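Engineer: Handing you a structure now.
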Amino acid sequence: MAQYSENQLPSVASLNETEAQQELARLAALLLEANRQYHSEDAPSLSDAEYDTLKRRNAEIEARFPHLKRSDSPSLQVGSAPSDGFGKVTHAVRMLSLANAFADEDVNEFDDFIRKYLNVGADAWLAYTAEPKIDGLSLSLRYENGRLVQAATRGDGEVGENVTDNARTIADIPQTLYGAPAVLEVRGEVYMSHADFAALNAQQTAKGGKTFANPRNAAAGSLRQLDAEVTKARPLRFFAYAWGAVSEPLAETQFDAIARLNALGFQTNALTHLCQTPAELLAHYRSIEQQRSTLGYDIDGVVYKLNDLALQARLGFRATTPRWAIAHKFPAELAWTTLEAIDIQVGRTGALSPVARLTPVTVGGVVVSNATLHNEDYIAGRDSKGNTIRGGEDIRIGDWVQVYRAGDVIPKIASVDLARRPEKAVPFRFPETCPECGSPAIREQGDSTRRCTGGLICPAQGIERLKHFVSRGAFDIEGLGARQIELFFNDLDLAVKTPADIFTLAERDAAHPLKKLKNRDGFGATSTTKLFAAIDARRTITLDRLIFALGIRHVGEVAATTLSRHFGTWEAFEEAITAALPTSAQWEELLSIDGVGAVMAESLVSTFQNDAERAAIDALVAQLREITPVAWQAATDSPVSGKIVVFTGTLEKMTRAEAKARAEALGAKVAGSVSAKTDLLVAGPGAGSKAKKASELGVEVIDEDAWLAMIGDA
């Protein structure tokens, strides 16, 4: 197996928009290839830990820059496309992957999330199953009237490979079931024991054949043989742990359903336990972890699932993972090294991000030399609420620090060895001025981040804003990327300091007969012509892209789309934000938009009130040919289509999240507060000021039962 190494990568916290976009593209390519090697060729070049590292980094970048999420994002992918060597099978129920947990806090957050989503208190009784996560190849077995009729690999989650003949050779897979539902898809993992793996490799070596790197590769390669006789000669085993399509429920709970599968003749894992609290889940996790080396087969974590199947159905699924399950992976390696320096990087919004420069050290098979330090509180040994972390130990240059990789390419600092702290080491003093422009760097109340106040005069902010302006979710001008922005930003003749300067580039180039862009290194007549044409084409832009491109703090791609759908035109948006002073009707309207809070509203208003910012925006808009509405078609076949709905009080039959999702699916717009434009207020017990205001404005008010009857869910 090839060794994968990620050296000198910047921390996620330090990435600017363009760097994040480039990193997401790099990770998408790496993970696509890794999935192909793992699922289609059974010959991965990355270890599981290295793969998790890349996928976790991708997820963290997407969480920080949600507007940069790619259509081919690894977070949207399950497995890999099936091989051409097998027939294709479309799964009746998609075979999804699992979200990952890497720390105890993640498990507690998993429980908290479920309780909040289901609207049950911390004291409500919820049970979970906990079972070993087998490191093998996923397989779905379809039985009709008790007979095995089809076996398929996961593939890409929707379409897998038909390996029915091969599956029939595995002793752990029953050919006939008695007492099973008429249709039953049993899902589980094909694996190979350590003893069988060693024996197989010994046989392969004796006859001069191919040996396998690990039991998982051996199991996957054996199941996916085009000749079933080869599969039959391999010692494959199968654990059942789930199901897909089923004509009637197996049971009411996850635990009982697994017991039912066992009673039908399937091997199920004896270490599957029923737990009632996160503490019990973690205790069982540690018990399995201690037994890991003695199990005789490979596992890489423990899977937790909500036990009640009715509640599982309520929770439903994300794009590629169920909300009711999570895989708690075993911890990555720890390592000690020296903290050589702390660098401060300035981002597009002026955020000062500290990055630790480490003496290179190998952690979990990857050489790393950088670590995220988050912010000045983290360095001082405090969290964002002022509570101590690491026992209150601060971090100093020269310290001997313990770093860890819990799925991160760039590690975090776990602790400091005070006994090895150099005598001359002093507490790190976080800068109060911007290292790029010298402007004051202030920290607003309630904000964990210190920010440069230089705005447009700060070169770091200026260049990062322009990179954001031309990024994929914004103007996305072909031929004008991060590298070109850096060149033009510092160019004496064709300086691009503001977005409007981009649209005057061709005109200014024509005014320099002796220093034409086409004659410069990296450009030519053809590329220059294409660049100017691409810029001109973007004089027509959709409203959501324009709002997002402005780079206003707290306004990401989703918020920009929400604002553009609400206001419809640039003129309406610009007029409302300009007039949206506190206590004004426009301010009230802004806050009524679901997803727009006071923080975002204040950021929007302050940007438009800033003379320099407003001048730059007006200059940009003057260069545009047309700002078009967002192409969006709401559902029109429901009684609430097009209506503005507000929910208030306590909903007893569904959570607020479920109610909002249901309303939007029916074409309604969900607002966060009541205004004269509100069509309907759904009020549960405890409704207060919103119900009173609705009454004053003459807005129709109904209870939850009436709402359910209206939408046909009663």
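A short reminder: the numbers here are calculations on the coordinates, not readings from a lab. Note that the structure is predicted; figures quoted are calculated from it, not measured. Please note: Cβ atoms are built from the backbone with ideal geometry, for glycine as well, and neighbour counts cover all protein chains shown.
Engineer: At most 16 other Cβ atoms within 10 Å and a DSSP loop assignment: could you name the trypsin sites (Lys or Arg not before Pro) in the range 134-225 that fit?
Structural biologist: Details: sites: ARG142, ARG147, ARG154, ARG168, ARG187, LYS207, LYS210, ARG216, ARG224; in loops: ARG154, ARG168, LYS207, LYS210, ARG224.
Within the range 134-225, the qualifying trypsin sites (Lys or Arg not before Pro) (loop, at most 16 other Cβ atoms within 10 Å) are ARG168, LYS207, LYS210.
Engineer: Provide the gained length on full extension for the span ARG318 to LYS497, in nm with one decimal, where the gain is 0.36 nm per separating residue minus the Cα-Cα distance.
Structural biologist: On the way: separation 179, 0.36 × 179 = 64.44 nm, distance 4.11 nm.
Length gained, ARG318 through LYS497: 60.3 nm.
Engineer: On C-alpha positions alone, give me the angle between the axis of helix 17-35 and the longest principal axis of the chain, in degrees, nearest 10.
Structural biologist: Roughly 20 degrees, rounded to the nearest 10.
Engineer: Under the rule that an exposed site lies in a DSSP loop and has at most 15 other Cβ atoms within 10 Å, name the longest stretch of the chain with no chymotrypsin sites (Phe, Trp or Tyr not before Pro) of that kind, not counting the sites themselves. Numbers along the way, then the final one.
Structural biologist: Values: sites that count: TRP125, TYR178, TRP632.
Free of exposed loop sites, the longest segment is 179-631.
Engineer: Oh, and also: For a Förster distance of 51 Å, can you work out the FRET efficiency between the beta-carbons of THR569 and GLU280, rounded to the nearest 0.05?
Structural biologist: Values: r = 56 Å, r/R0 = 1.09.
For R0 = 51 Å, the calculated efficiency reads 0.35.
Engineer: Turning to a different aspect of this structure: Distance between Cα centroids, the range 551-590 to the range 274-321: provide it in whole Å.
Structural biologist: Using only Cα atoms to place each centre, the spacing works out to 44 Å.
Engineer: Using the basic label-point model (7 angstrom from Cα toward the beta carbon), what is the TYR178 to SER584 distance in nanometres?
Structural biologist: 7.9 nm
Engineer: Contact order normalised by length for the chain, with contacts defined as Cα pairs under 8 Å and 6 or more residues apart; what percent is it?
Structural biologist: On the way: 1354 pairs, mean separation 80.1, N = 714.
Here the relative contact order equals 11 percent.
Engineer: Please sort by residue number the trypsin sites (Lys or Arg not before Pro) in the range 414-444 whose DSSP state is loop and whose Cβ has at most 11 other Cβ atoms within 10 Å.
Structural biologist: Values: sites: ARG420, LYS424, ARG429, ARG443; in loops: LYS424, ARG429, ARG443.
Within the range 414-444, the qualifying trypsin sites (Lys or Arg not before Pro) (loop, at most 11 other Cβ atoms within 10 Å) are LYS424, ARG429.
Engineer: Given H placed 1.01 Å from N in the peptide plane, which residues other than close sequence neighbours of ILE299 have an amide H under 5 Å from its amide H?
Structural biologist: Residues meeting the criterion, in which the H sits 1.01 Å from N, are ASP135.
Engineer: Using θ = phi - 60° and the Karplus curve 6.51 cos²θ - 1.76 cosθ + 1.60, what whole-Hz ³J(HN,Hα) does each residue of the range 581-589 get, with Gly and Pro shown as x?
Structural biologist: So the Karplus estimates, Gly and Pro as x, are 8, x, 6, 7, 5, 5, 5, 5, 5 Hz.
Engineer: In addition: Between the DSSP loop rule and a limit of at most 12 other Cβ atoms within 10 Å, which GluC sites (Glu not before Pro) in the range 443-520 are left? Before the final figure, lay out each step's value.
Structural biologist: Numbers: sites: GLU444, GLU464, GLU478, GLU486, GLU507; in loops: GLU444, GLU478.
Filter output for the range 443-520: GLU444.
Engineer: Here is a follow-up. Among ALA228, PHE65, ILE326, which residue has its Cα positioned farthest towards the positive end of the charge dipole of the chain, with +1 placed on the Cβ of Lys and Arg, -1 on the Cβ of Asp and Glu, and the dipole taken about the Cα centre?
Structural biologist: ALA228
Engineer: For all pairs of alpha-carbon atoms in the range 644-696, what percent lies in each bin of width 5 Å, listed from the first bin to the last filled one?
Structural biologist: Each 5 Å bin holds this share of Cα pairs: 5, 22, 32, 25, 14, 3.
Engineer: Give the relative contact order (percent, whole number) for the range 488-644; include only Cα pairs under 8 Å separated by 6+ residues. List each step's numbers first, then the result.
Structural biologist: Values: 149 pairs, mean separation 39.0, N = 157.
Rounded, it is 25 percent for the range 488-644.
Engineer: R0 = 25 Å: FRET efficiency of ALA414 with GLU340, Cβ-based, nearest 0.05?
Structural biologist: On the way: r = 18 Å, r/R0 = 0.71.
After rounding to 0.05, the efficiency reads 0.90.
Engineer: Apply the Karplus parameterisation 6.51 cos²θ - 1.76 cosθ + 1.60, with θ equal to phi minus 60°, to every residue of the range 675-682 and state each ³J(HN,Hα) to the nearest whole Hz, in sequence, with x for glycine and proline.
Structural biologist: Result, rounded to whole Hz: 9, 5, 8, 5, 9, 8, 10, 9.
Engineer: Here is a further query. Give me the angle, in degrees from 0 to 90, between the Cα long axis of helix 254-263 and the longest principal axis of the Cα atoms of the chain, rounded to the nearest 10.
Structural biologist: Once rounded, the angle reads 30 degrees.
Engineer: Hey, another quick one. 5 Å is the cut-off here: which amide hydrogens, built 1.01 Å from N in the peptide plane, fall below it relative to GLY244, excluding neighbours closer than 5 in sequence?
Structural biologist: For GLY244, whose amide H was placed from the backbone, the distant partners under 5 Å are GLU185, VAL186, ARG187.
Engineer: Also, I was wondering about something else. Using a cut-off of 13 Å between beta-carbons, work out the net charge of the residues near VAL149 (Lys and Arg +1, Asp and Glu -1, VAL149 not included). Don't skip to the end; give the middle numbers.
Structural biologist: Details: positive: ARG142, ARG147, ARG168; negative: GLU144, ASP165, GLU185.
My count for the surroundings of VAL149 gives 0.
Engineer: Additional query: So what's the net charge close to ALA240: Lys and Arg +1, Asp and Glu -1, counting the other residues with Cβ under 12 Å from its Cβ? All intermediate terms of the calculation are to be shown ahead of the outcome.
Structural biologist: Numbers: positive: ARG187, ARG237, ARG260; negative: GLU131, ASP172, GLU185, GLU189.
Net charge around ALA240: -1.
Engineer: In 20 Å bins starting at zero, report the fraction of Cα pairs in the chain per bin as a rounded %.
Structural biologist: 14, 41, 36, 8, 0
Engineer: Could you tell me the distance between the Cα centroids of the range 638-714 and the range 208-226, to the nearest Å?
Structural biologist: Spelled out, the Cα-based centre of one part sits 57 Å from the other.
Engineer: Using θ = phi - 60° and the Karplus curve 6.51 cos²θ - 1.76 cosθ + 1.60, what whole-Hz ³J(HN,Hα) does each residue of the range 234-248 get, with Gly and Pro shown as x?
Structural biologist: Running phi through 6.51 cos²θ - 1.76 cosθ + 1.60 with θ = phi - 60° gives 9, x, 8, 10, 9, 10, 8, 9, 7, 8, x, 5, 8, 6, 8 Hz.
Engineer: Name the residues whose placed amide hydrogens come within less than 5 Å of the amide hydrogen of ALA351, ignoring near sequence neighbours (fewer than 5 apart) on the same chain.
Structural biologist: Result for ALA351 returns CYS452.
Engineer: Right, something else. What number comes out for the charge environment of ASP447, summing +1 per Lys or Arg and -1 per Asp or Glu over other residues with Cβ under 12 Å away? Could you put the intermediate results ahead of the total?
Structural biologist: Details: positive: ARG443, ARG450, ARG451, ARG553; negative: GLU376, ASP377, GLU444.
Net charge in that neighbourhood comes out at +1.
Engineer: Same structure again: Given charges of +1 on the Cβ of Lys and Arg and -1 on the Cβ of Asp and Glu, with all other atoms neutral, how large is the dipole of the chain about its Cα centre, in debye to the nearest 20? It would help to have the intermediate numbers written out before the result.
Structural biologist: Working: 76 positive and 93 negative charges, 196 e Å.
About 940 debye.
Engineer: Then there's this: Specify the angular offset, from 0 to 90 degrees and rounded to the nearest 10, of the alpha carbon long axis of helix 598-609 from the longest principal axis of the alpha carbons in the chain.
Structural biologist: Between helix and principal axis, roughly 30 degrees.
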